[in-house]
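Engineer: Questions regarding the structure given below will be posed in turn.
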C-alpha cells in the first residue's frame, strides 16, 4: 500500500517547481528562430503549465496544504464573483470573461533595505512579527477558461482609484476597447470592441493611492499613520491649494487634520495667475469650519472664481503613503508566483501569469516613474516584477507620494500645483549628472544595478511638453538631446491633448477631441512582441534639438505656429523650476512651505509645428496627418478663469475654413478644406493611406 507524506508547508518557489516539472516531462525549453514557431511553442507550454497548475493546486487543496505566498500578501478575500460578465459575451477564441473583486492584506519588513526607502516606514506601527501591515482593493477581469488566454497580466494602474470614467480618458476599457462602464464594467457595451479580451489579457487593478476615499467602486488602500518614536502624534507643515473654477465653492477641504485651530499659526493667500505675487487674506476674513476645512468670512462668502488660494497650516497624522509602492509590487508578485496565501486561499491566477505589463494614464504613469526610481521593480525574492511598462501622458514628472503629508492626487501644470514636489531630478530614465543639484541619478538607476529593468514605452501627448516638462524625458538638464537606452522607447502622439473634451469649457477655444486609442493599441502589441519574442519596437519618435523639431516656446516664429485671426499665442508654458523645501527634503519631509523658488535652471522645450500649427515630429494619427483643423496640445484659459494662463490638460481644435474665399476675407494663412481636398473621395483616400 502506497504511503503519502504530507508537509505542512511547501516552502518552495513555484517557478522552481515548474522548472523541475518541465524537465521531468521533457517540455520544450528551446527557442526557435522562427517567430511563429516561438508563438506556437509558447502556447503549448502555456496550456501544459495551466494543466499542471490545476493538478498541483488541486492536490495541495485536497490535502489541506498551504503553499507559501512569497510576496508578503498574507491573505486574500474574494468579495464578489460575476461569471460570466459582459452579459455572457464571448470574445473569439478566448471565450467569455469573469469579474472578481478582492481585498488583499499584506505586510512588509521595514528593515529590508528595499522597503526602507519608504518615508516614515520606521515610524509605522508593527504587528507581533515586527511587520508593517496594509490592505488594498483588487479588481480582476479574466478569461473564464484561463488556458484560452494569452497568459499576460495587464496591470492597470488606476487614476485616483478609478478604473473608468468620468472622464472617459482614464478608462482602460475606453483607451483600448472604446468601451466604458465606469468602475464596474458589466454590460456587453462596456467591453467595447473587445480588443483586450480578444487578445486574451487578464486585467488587474488595485488600490495604491492612499488619498482615495471609498465609494463608487473606487479602489482604495489602507495604510497606517506614522507616529513619533515615543508614540506621540507627528505635527508638521502642510499646504493646500484651492483651484476655484466656479462661483459656488464655499469651503476648502484639508487633506490632513489641523493640529490646532489657532489661526495665527496658519496662512491663506490668493492670486489670479501663477506668476502673480500671492496676496495675504486677513485672518479676519477666514476661519476653520473644523479641523478638516476652512471657509471665508463673512459667512456665506464663496471663494472667488478664477482664483488660486494657498493655505499653509500645521497638520497632524501623516499616513505612510509610500506603502502604495509596496502593495503594487507585492500583489503583482503574488499573482504571478504564489499558489495560495498563508491561510491556503487559492490565488485566482495561480500558475497562469507569464508576463506582466502595466498601463497608466497621467497620474499613475507618474507613480510608475517613482516606482522605478525607488527600486520597487525588484521583489523580495530579487525577481523582476513587471516585464513591460506603457506610460501614457506622464510627462517628465514624478508624484507627491513618498513624502510626509503626501497628497497623491495633486498634479503640477503651468497654472496649478507648482508648489508641490512633483517634478524633481532625475527626470530622465538614464543616469546622468545634474550640475544644478550636483547629483548623479536616473529613474532606472536601481533596476540597472539589480538587473530588474522592464521594457518601457514613455508615450506622451503634446500637452506634456507644454505643462509637464515632457522634453526633460529625453534631454539632459542643460537642454541637450540624450542618447537612447536599450530598454526604453519615447513616443510623442503629435498635437494631442492630455485629456480630450468637446466645447470650450474654461478655455478660450473649443478643446481638442482627438483620442489616442488606435496608437495605444498598436503600442501594446509592439510591447508584447518586444517582451515575448524579442522583436524590437519602432525607434523613438519625439522632437529633437538636433534636427530643430524641439524648440523654446518663444518667439512664435521659431515654433512655427501660424498667426491665426482670433487666436492668442503667448508662448506661456511650465518652467524648469528648482525649489527649496527644507533640509529634510531628501528624507521625504517638507519643512519649508510654501517652498522657496531657487530658480528655473532646467531648459524645457515644445514641439515645432508645420504651417497649419500641427506638430511636425512624433506619431501623427490620421486626424493630424490629414487634418481638418489645427490641433494643439495647449490651450489658454478664458477671461473668467484666470485668462491667458494655460488651460491645464486641454488642447485646442481650430477649424480650417471651408473655402479659400472665407479664409482670405479674415486673413487666415492656413489652406481651406476645398484647397486641400477637392473631393470627399480624395480626403477619404488620404485618410486611408495615413491609417496604414
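Engineer: Condition test on residue 417, is it under 28 Å from residue 636 (Cβ atoms) and in contact with a helix residue (DSSP H, G or I) (Cβ under 8 Å, 6 or more places away or on another chain)? Steps first, please.
Structural biologist: On the way: under 28 Å from residue 636 (Cβ atoms): yes; in contact with a helix residue (DSSP H, G or I) (Cβ under 8 Å, 6 or more places away or on another chain): no.
The answer is no for residue 417.
Engineer: Give 309, 313, 288 a once-over and let me know the one that is within 30 Å of residue 121 (Cα to Cα) and outside any loop (DSSP other than H, G, I, E, B). Spell out how you get there, then give the answer.
Structural biologist: On the way: 309 fails: within 30 Å of residue 121 (Cα to Cα); 288 fails: within 30 Å of residue 121 (Cα to Cα).
Answer to the selection: 313.
Engineer: Also: Taking residue 388 as the residue in question, decide whether it is surrounded by fewer than 23 Cβ atoms within 10 Å (Cβ to Cβ), in the same structural domain as residue 113 (by TED's automatic domain parsing) and in contact (Cβ under 8 Å) with a residue 24 or more places away in the chain. Before the answer, list the steps.
Structural biologist: Values: surrounded by fewer than 23 Cβ atoms within 10 Å (Cβ to Cβ): no; in the same structural domain as residue 113 (by TED's automatic domain parsing): yes; in contact (Cβ under 8 Å) with a residue 24 or more places away in the chain: yes.
Here the answer is no, as residue 388 does not meet what is asked.
Engineer: From (1) surrounded by 24 or more Cβ atoms within 10 Å (Cβ to Cβ); (2) within 25 Å of residue 512 (Cβ to Cβ), pick out the condition that doesn't hold for residue 401.
Structural biologist: For residue 401, the failing item is (2).
Engineer: Which is at pLDDT 95 or above, outside the structural domain of residue 253 (by TED's automatic domain parsing), assigned to a loop (DSSP other than H, G, I, E, B) and more than 30 Å from residue 587 (Cβ to Cβ), of 190, 209, 184?
Structural biologist: 184
Engineer: Scan (1) within 30 Å of residue 379 (Cα to Cα); (2) touching a residue at least 40 places away in the same chain (Cβ under 8 Å); (3) surrounded by fewer than 23 Cβ atoms within 10 Å (Cβ to Cβ); (4) out of contact with any helix residue (DSSP H, G or I) (no Cβ under 6 Å at 6 or more places or on another chain) for the single condition residue 508 breaks and write down its number.
Structural biologist: (1)
Engineer: Determine if segment 372-386 includes at least one residue that is closer than 16 Å to residue 358 by Cβ, in a helix (DSSP H, G or I) and at pLDDT 95 or above.
Structural biologist: Looking for residues that are closer than 16 Å to residue 358 by Cβ, in a helix (DSSP H, G or I) and at pLDDT 95 or above, one finds at least one in segment 372-386, hence yes.
Engineer: From the list 116, 104, 175, 128, exactly one residue is modelled with pLDDT of 95 or more, assigned by TED's automatic domain parsing to the domain that holds residue 408, crowded, with 18+ Cβ neighbours inside 10 Å and outside any helix (DSSP H, G or I). Which is it? Step through it out loud before you land on a result.
Structural biologist: Numbers: 116 fails: crowded, with 18+ Cβ neighbours inside 10 Å; 175 fails: outside any helix (DSSP H, G or I); 128 fails: crowded, with 18+ Cβ neighbours inside 10 Å.
Unique residue meeting the criteria: 104.
Table: residues versus (1) in contact (Cβ under 8 Å) with a residue 40 or more places away in the chain; (2) surrounded by fewer than 16 Cβ atoms within 10 Å (Cβ to Cβ); (3) more than 29 Å from residue 124 (Cα to Cα).
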residue	(1), (2), (3)
188	yes, yes, yes
201	yes, no, yes
212	yes, no, no
218	yes, no, no
221	yes, no, no
224	yes, no, no
246	yes, yes, yes
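Engineer: From 334, 325, 367, grab the single residue that is touching a helix residue (DSSP H, G or I) at 6+ places or on another chain (Cβ under 6 Å), in a helix (DSSP H, G or I) and either under 30 Å from residue 258 (Cα atoms) or in the same structural domain as residue 133 (by TED's automatic domain parsing) (or both). Working first, answer last.
Structural biologist: Details: 334 fails: touching a helix residue (DSSP H, G or I) at 6+ places or on another chain (Cβ under 6 Å); 367 fails: touching a helix residue (DSSP H, G or I) at 6+ places or on another chain (Cβ under 6 Å).
Result of the check over 334, 325, 367: 325.
Each row is one residue, and each column tells you yes or no for (1) under 24 Å from residue 371 (Cα atoms); (2) buried (at least 19 other Cβ atoms within 10 Å of the Cβ).
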| residue | (1), (2) |
| --- | --- |
| 451 | yes, no |
| 458 | yes, yes |
| 489 | yes, yes |
| 501 | no, yes |
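Engineer: Here are some conditions: (1) in contact (Cβ under 8 Å) with a residue 60 or more places away in the chain; (2) surrounded by 18 or more Cβ atoms within 10 Å (Cβ to Cβ). Residue 273 meets all but one. Which one does it not meet?
Structural biologist: Residue 273 satisfies every listed condition except (2).
Engineer: Hey, another quick one. Would you say residue 306 is closer than 25 Å to residue 639 by Cβ and in contact with a helix residue (DSSP H, G or I) (Cβ under 8 Å, 6 or more places away or on another chain)? Reasoning before the result, please.
Structural biologist: Details: closer than 25 Å to residue 639 by Cβ: yes; in contact with a helix residue (DSSP H, G or I) (Cβ under 8 Å, 6 or more places away or on another chain): yes.
When the stated conditions are applied, residue 306 passes them.
Engineer: With (1) within 27 Å of residue 401 (Cα to Cα); (2) crowded, with 21+ Cβ neighbours inside 10 Å as the list, and residue 516 as the residue in question, which single condition is left unmet?
Structural biologist: (1)
Engineer: A follow-up question, please. Here are 668, 615, 644: which of them is out of contact with any helix residue (DSSP H, G or I) (no Cβ under 9 Å at 6 or more places or on another chain) and over 26 Å from residue 424 (Cβ atoms)? Spell out how you get there, then give the answer.
Structural biologist: Numbers: 668 fails: out of contact with any helix residue (DSSP H, G or I) (no Cβ under 9 Å at 6 or more places or on another chain); 615 fails: out of contact with any helix residue (DSSP H, G or I) (no Cβ under 9 Å at 6 or more places or on another chain).
Step by step, each of 668, 615, 644 is checked, and only 644 is out of contact with any helix residue (DSSP H, G or I) (no Cβ under 9 Å at 6 or more places or on another chain) and over 26 Å from residue 424 (Cβ atoms).
Here is a yes/no grid of residues against (1) surrounded by fewer than 19 Cβ atoms within 10 Å (Cβ to Cβ); (2) at pLDDT 95 or above:
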| position | (1), (2) |
| --- | --- |
| 614 | no, yes |
| 639 | yes, yes |
| 647 | no, yes |
| 659 | yes, yes |
| 662 | yes, yes |
| 674 | yes, yes |
| 678 | yes, yes |
| 691 | yes, no |
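Engineer: Right, here's the next one. Residue 446: out of contact with any strand residue (DSSP E or B) (no Cβ under 7 Å at 6 or more places or on another chain), touching a residue at least 60 places away in the same chain (Cβ under 8 Å), assigned by TED's automatic domain parsing to the domain that holds residue 209 and closer than 29 Å to residue 513 by Cα, yes or no?
Structural biologist: On the way: out of contact with any strand residue (DSSP E or B) (no Cβ under 7 Å at 6 or more places or on another chain): yes; touching a residue at least 60 places away in the same chain (Cβ under 8 Å): yes; assigned by TED's automatic domain parsing to the domain that holds residue 209: yes; closer than 29 Å to residue 513 by Cα: no.
Answer is no for this residue.
Engineer: While we're looking at this one, here's another question. Output the helices (runs of 4 or more DSSP H) that fall wholly within segment 444-552 and possess 2 or more residues being over 21 Å from residue 651 (Cα atoms), or say none.
Structural biologist: Numbers: elements: 445-450, 462-467, 517-533.
Passing ranges, in order: 445-450, 517-533.
Engineer: While we're on this one: In the set 427, 405, which member is within 17 Å of the chain's Cα centre (by Cα) and touching a residue at least 60 places away in the same chain (Cβ under 8 Å)?
Structural biologist: Working: 405 fails: within 17 Å of the chain's Cα centre (by Cα).
Unique residue meeting the criteria: 427.
Engineer: So residue 294 fits all but one of (1) in the same structural domain as residue 256 (by TED's automatic domain parsing); (2) in a loop (DSSP other than H, G, I, E, B); (3) surrounded by 20 or more Cβ atoms within 10 Å (Cβ to Cβ); what number is the exception?
Structural biologist: For residue 294, the exception is condition (2).
The values are calculated or read from the model by the stated rules, or taken from the named source; none is laboratory data. Fair warning: this is a prediction, and the values are worked out from it, not measured in the lab. When we count neighbours, we look across all protein chains shown, and the Cβ atoms used for this are built from the backbone with ideal geometry, even at glycine.
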